[in-house]
Amino acid sequence: MKNAVKVMQIAFTYIGTVVGAGFATGQEILQFFTRYGKWAALTILLSTVLFIWLGTKMMLLARQIKAESYEDLNRKLFGDRIGQSLSLFTMVVLIGVNSVMLAGAGSVFMEHFGMHYQIGLWITLICTYLLLGRGIGGVMKLNSIVVPMMLTLSLAIIFNTAGSPGASRFFTITTDAPLLAAWASPLMYTAFNLSMAQAVLVPIGSHTESRRTIVWGGILGGAGVGFMLMAGHFALSAYMPGIVQFEIPMGSIAQQLGTVIQLIYIVLIFMEIFSTFVADVYGVTLQLKQRLKISPKLISISILIICYLTSQFGFSALLSILYPAFGLFSLLWAVMLGLYRSNDRS
């Protein structure tokens, strides 16, 4: 029973770490999958297999080398010098992405709850700091609450879409996009999200004693991500091509389910931002803890302050430069992880 609970916690944390704000709004699903029409269902299946395989392998390798942070994993894959440099690059991107997510959290409070933008930021920062004090256990417990809610909402959207006139477009929708781009997209999507998720999946692997628990957690977590991708694609396909005009495509679909569902959806968007934000800050804290001989609490506070300051001025220009480079690194990182041969069978 204890192992079953641990398996579900790993699976939920895996899903919650990958499923961030871009996923929740529907933009990621639209851009990486739905826009490729009838090929999308197959590319989602490919992405699901990769999430199961590489995500599980990452956690098992972290367990084998007893990694303190994702930097230890990168050093194992690339060697000390290159691994250290790539880890620093990852840290900069993570902080940048977290600054954007924090700004998004403030916008949710301002636009949907009528609160001041700064109040939304401070609520998010304070709650993050309090949860970070609970370590990896706190991150996993948060996702054990948020992810089941997300899965339930996904089911509600599936059932609602199944009765709509456009439900059959899931199989018939056409696209002008090149076939090569359609099949390259899931590779990029999986690699990018896994390289970001290493900040929390590595400590999960290193803190889990049972190999079997990690394997089942990785299988269920990767399958869960695939299910939510398919659910989102199914719903978005029914409203193509008109759904493309919306900044938050899934929000417009949730609105059709009634006021209560729409409110739940808004709360979930914030919770997804929050859970990913907490996980990433925790991962960066672990990496800096290896380098700086100061209190982890002080490191976490410093990271939160940096995220707060950059959320005031915007980080989009810098991210527009960093993202393509990080995307290429992610593909290389995923290839290295896939090719790495581990002798750990214990």
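Listed conditions (1) within 18 Å of the chain's Cα centre (by Cα); (2) free of Cβ contacts under 8 Å to residues at least 60 places away in the same chain are all met by GLN84, apart from (1). Screening segment 226-262 for residues that are among the hydroxyl-bearing types (Ser, Thr, Tyr) and assigned to a helix (DSSP H, G or I) and picking the one that is farthest from PRO186 (Cα to Cα) gives THR259.
Taking the numbered list (1) in a helix (DSSP H, G or I); (2) surrounded by fewer than 24 Cβ atoms within 10 Å (Cβ to Cβ) in turn, THR17 passes all entries but (2).
Within segment 31-88, the residues that satisfy the criterion of being open to solvent by less than 50 Å² (accessible area, probe 1.4 Å), of a type in the set (Phe, Trp, Tyr) and part of a helix (DSSP H, G or I) are TYR36, PHE51, TYR70, PHE78. Hey, does segment 256-267 have a residue that's open to solvent by 80 Å² or more (accessible area, probe 1.4 Å), β-branched (Val, Ile, Thr) and modelled with pLDDT of 85 or more? No, segment 256-267 contains no residue that is open to solvent by 80 Å² or more (accessible area, probe 1.4 Å), β-branched (Val, Ile, Thr) and modelled with pLDDT of 85 or more. Checking segment 243-262 against the condition returns a match, with at least one residue being without any contact (Cβ under 8 Å) to a residue 40 or more places away in the chain and of a type in the set (Gly, Ala, Ser). Against the test of being of a type in the set (Gly, Ala, Ser), in contact (Cβ under 8 Å) with a residue 60 or more places away in the chain and open to solvent by 20 Å² or more (accessible area, probe 1.4 Å), the options SER210, SER237, SER195 yield a single qualifying residue, SER210. Each residue in segment 164-187 was checked for being of a type in the set (A, V, I, L, M, F, W, C), in contact with a helix residue (DSSP H, G or I) (Cβ under 6 Å, 6 or more places away or on another chain) and open to solvent by 10 Å² or more (accessible area, probe 1.4 Å), and 4 of them qualify. PHE227 passes every criterion in (1) under 25 Å from PRO148 (Cβ atoms); (2) open to solvent by less than 20 Å² (accessible area, probe 1.4 Å); (3) modelled with pLDDT of 80 or more apart from (2). Evaluation of THR161 against the conditions (1) open to solvent by 20 Å² or more (accessible area, probe 1.4 Å); (2) over 25 Å from VAL97 (Cα atoms); (3) assigned to a helix (DSSP H, G or I) shows that the sole unmet condition is (1). For the condition at pLDDT below 85, surrounded by 15 or more Cβ atoms within 10 Å (Cβ to Cβ) and under 27 Å from SER210 (Cα atoms), ILE136 qualifies.
For every residue, the table says whether it meets (1) among the basic types (Lys, Arg); (2) over 22 Å from VAL97 (Cα atoms).
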| residue | (1), (2) |
| --- | --- |
| GLY251 | no, no |
| GLN256 | no, yes |
| VAL260 | no, yes |
| LEU263 | no, yes |
| LEU268 | no, no |
| ILE273 | no, no |
| VAL278 | no, no |
| LYS289 | yes, no |
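Tell me which residues, restricted to segment 20-47, are farther than 21 Å from ALA238 by Cβ and under 17 Å from the mean Cα position of the chain (by Cα). Those that are farther than 21 Å from ALA238 by Cβ and under 17 Å from the mean Cα position of the chain (by Cα): GLY20, ALA21.
The values are calculated or read from the model by the stated rules, or taken from the named source; none is laboratory data. Source: prediction; values computed, not measured. Counting neighbours? That spans all protein chains shown, and the Cβs are built from the backbone with ideal geometry, glycine included. Side chains are part of the model used for accessible areas, which takes the heavy atoms of the whole protein and leaves out ligands, DNA and RNA. Shrake-Rupley method; radii C 1.70, N 1.55, O 1.52, S 1.80 Å.
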